Amino acid sequence: MLSESQTGNAERGMRNAPIDQSEFPIPTSAFSSMPDHASSSTTPDVPVVVLSGPSGSGKTTVVSRLLEESPVKLVKSISATTRPARPGETDGEDYYFLSDDEFQAKRHAGEFLECAEVHKSGFWYGTLTSEVERARAAGGWSLLEIDVEGALNVMQRYPAAVSIFLSTPPDEHERRLRARGTEDEAVIQRRLQTAEQELKFADRYRHRVINASLDDAVQEICEILKSVAQSH
């Protein structure tokens with residue numbers, strides 16, 4: 001399987017410099033939306049695993065496999081949102097559905113690891129700091145499947161986070177997006193543009209995994225988690 005863990009992760013894992021917001025070509029609404037006292041770095045009692053990557057990289061499928069096969073117990077973080085629940089969604093399982101007032105109160109109180117208004121939709125999404133405690137109380141590691149913007153915020157808050165950037169092999173991303181058959185051309189082009197920007201931040205992560213084969217990608221991430229567990 002194609003992977004940078006064999007060629008560059010040792011060096012990449014040493015990079016823990018604070019994030020320079022002026023370098024970001026992607027929107028930095030998550031930075032501006034976080035209260036000042038929420039940006040100080042801390043070290044949680046248990047590792048925090050951050051997985052992100054472009055749309056179409058297979059994150060959701062990989063996460064489902066990791067929850068079953070990981071050598072350490074993983075507890076998937078549940079995001080909070082102000083958007084209405086869709087049919088079949090359950091509060092506290094799919095999302096924490098909050099009113100605008102509830103969400104903003106928590107944001108201003110510094111209760112979010114990261115949060116942002118998504119695509120100027122008027123709906124806010126975020127990861128509550130309490131999700132890390134929930135995982136610890138369950139005897140596991142918190143697994144955050146979040147976008148690149150949110151991940152960079154979490155890595156600033158938790159510099160020791162086990163950050164993993166998942167992507168497709170070169171020239172494979174567009175094919176996978178089109179193979180879904182669920183999005184029109186405008187949406188596909190927007191996702192491709194977003195992916196191009198997100199890939200510029202891949203080296204901010206401790207590990208990069210190329211999802212050429214689902215089994216191999218899951219196995220590689222399991223090896224990463226096993227190594228972290230042995231040194232923790």
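The values are calculated or read from the model by the stated rules, or taken from the named source; none is laboratory data. Fair warning: this is a prediction, and the values are worked out from it, not measured in the lab. As a convention, Cβ positions derive from the backbone with ideal geometry for all residues, glycine included, and neighbour counts pool all protein chains shown.
Each row is one residue, and each column tells you yes or no for (1) modelled with pLDDT under 95; (2) closer than 30 Å to Lys73 by Cβ; (3) not aliphatic (A, V, I, L, M).
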| site | (1), (2), (3) |
| --- | --- |
| Ala138 | no, yes, no |
| Ile164 | no, yes, no |
| Thr168 | yes, yes, yes |
| Arg180 | yes, no, yes |
| Ile188 | yes, no, no |
| Leu199 | yes, no, no |
| Asn211 | no, yes, yes |
| Leu225 | no, yes, no |
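Please verify whether Ser77 is closer than 30 Å to Lys200 by Cα, more than 13 Å from the chain's Cα centre (by Cα) and at pLDDT 95 or above, treating the condition exactly as stated.
On the way: closer than 30 Å to Lys200 by Cα: yes; more than 13 Å from the chain's Cα centre (by Cα): no; at pLDDT 95 or above: yes.
No.
From the residues in region 54-70 that are farther than 20 Å from Ser227 by Cβ and of a type in the set (Gly, Ala, Ser), which one is surrounded by the fewest Cβ atoms within 10 Å (Cβ to Cβ)? Give the steps one after another, and end with the answer.
Here is the first cut: in region 54-70, the residues farther than 20 Å from Ser227 by Cβ are 54-61, 64.
Filter again for of a type in the set (Gly, Ala, Ser), leaving 55-58, 64.
Numbers: Ser55: 20, Gly56: 23, Ser57: 25, Gly58: 20, Ser64: 12.
Here the answer is Ser64.
Residue by residue through region 109-165, note down the ones that are more than 18 Å from Leu67 (Cα to Cα) and part of a strand (DSSP E or B).
Result: Phe112, Leu113, Glu114, Cys115, Ala116, Glu117, Trp124, Tyr125, Gly126, Thr127, Leu128.
Checking the condition at pLDDT below 95 and loosely packed, with under 11 Cβ neighbours inside 10 Å, which residue from Ala17, Ala38 passes? Steps first, please.
Values: Ala38 fails: loosely packed, with under 11 Cβ neighbours inside 10 Å.
None of the others qualify; the one that does is Ala17.
Take the residues in region 145-171 that are buried (at least 16 other Cβ atoms within 10 Å of the Cβ) and closer than 21 Å to Asp215 by Cβ; name whichever of them is nearest to the chain's Cα centre (by Cα).
Glu145
Within region 113-144, track down each residue that is polar (S, T, N, Q), under 17 Å from the mean Cα position of the chain (by Cα) and closer than 20 Å to Ser99 by Cβ.
Of the residues in region 113-144, the ones polar (S, T, N, Q) are 121, 127, 129-130, 142.
Next, from what is left, pick out any that are under 17 Å from the mean Cα position of the chain (by Cα): 127, 129-130, 142.
Those that are polar (S, T, N, Q), under 17 Å from the mean Cα position of the chain (by Cα) and closer than 20 Å to Ser99 by Cβ: Thr127, Thr129, Ser130.
Among (1) closer than 15 Å to Gly56 by Cβ; (2) in contact (Cβ under 8 Å) with a residue 40 or more places away in the chain, where does Ser213 come up short?
Condition (1) is where Ser213 drops out.
Please count how many residues of region 71-99 are surrounded by 11 or more Cβ atoms within 10 Å (Cβ to Cβ), in a loop (DSSP other than H, G, I, E, B) and not hydrophobic (A, V, I, L, M, F, W, C). So that I can check it myself, show each step before the final result.
Quick first cut of region 71-99, residues surrounded by 11 or more Cβ atoms within 10 Å (Cβ to Cβ) only: 71-83, 85, 89, 91, 94-98.
Next, from what is left, pick out any that are in a loop (DSSP other than H, G, I, E, B): 71-73, 77-79, 82-83, 85, 89, 94, 98.
Retained after the next criterion (residues that are not hydrophobic (A, V, I, L, M, F, W, C)): 71, 73, 77, 79, 82-83, 89, 94.
So the count comes out to 8.
Hey, among Ala109, Ala80, Ala138, Ala179, which residue is in contact with a helix residue (DSSP H, G or I) (Cβ under 8 Å, 6 or more places away or on another chain) and of a type in the set (Gly, Ala, Ser)?
The conditions single out Ala80.
With respect to the numbered conditions (1) touching a Ser or Thr at 6+ places or on another chain (Cβ under 8 Å); (2) more than 20 Å from Val118 (Cβ to Cβ); (3) among the hydroxyl-bearing types (Ser, Thr, Tyr), which one is the sole condition not fulfilled by Thr194?
Every listed condition holds for Thr194 apart from (2).
Whether any residue in region 189-201 is within 17 Å of Leu143 (Cβ to Cβ) and either among the β-branched types (Val, Ile, Thr) or not in a helix (DSSP H, G or I) (or both) is what I want to check.
Step one: of region 189-201, the residues within 17 Å of Leu143 (Cβ to Cβ) are none.
No.
What are the pairs, 6+ residues apart or on separate chains, where a residue within region 178-202 that is over 22 Å from Val50 (Cα atoms) has its Cβ under 7 Å from a residue that is loosely packed, with under 15 Cβ neighbours inside 10 Å and modelled with pLDDT under 85?
Taking only residues 6 or more apart or on different chains, the pairs are Ile188/Arg178.
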